Amino acid sequence: MYRYRGELTAEQVATMTEFIQAHIGTVDKMFAAAGIRLRSGDIGKVSPADLARSSLLQRVA
């Protein structure tokens, strides 16, 4: 995981936040497209906390 060293404007932060909120839950859809179920339940409705508890994922940073 990397962190941006520059300064962000309030507008940049807002744009990035909107993007993240619009795409939350898409990680499990990406894996599901490859035939991998990270958690039980509806695809696209898996929360970040659900993913953190998945025995199929390993934290790297």
At 1.4 Å probe size, put Leu8, Leu38 in order of accessible surface, largest to smallest.
Leu8, Leu38
Could you do me a favour and compute the accessible area per residue for the chain, 1.4 Å probe, result in Å²?
91 Å²
With every protein chain in place, the accessible area of Val60 for a 1.4 Å probe, in Å² rounded to the nearest 10, comes to 130 Å²
Using only Cα atoms, find the angle between the long axis of helix 10-23 and the longest principal axis of the chain, and express it within 0 to 90 degrees, rounded to the nearest 10.
10 degrees
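The values are calculated or read from the model by the stated rules, or taken from the named source; none is laboratory data. Just so it is clear, the model here is predicted, and its values are computed rather than measured. Heavy atoms of the whole protein, side chains included, go into the accessibility calculation; ligands, DNA and RNA do not. Shrake-Rupley method; radii C 1.70, N 1.55, O 1.52, S 1.80 Å.
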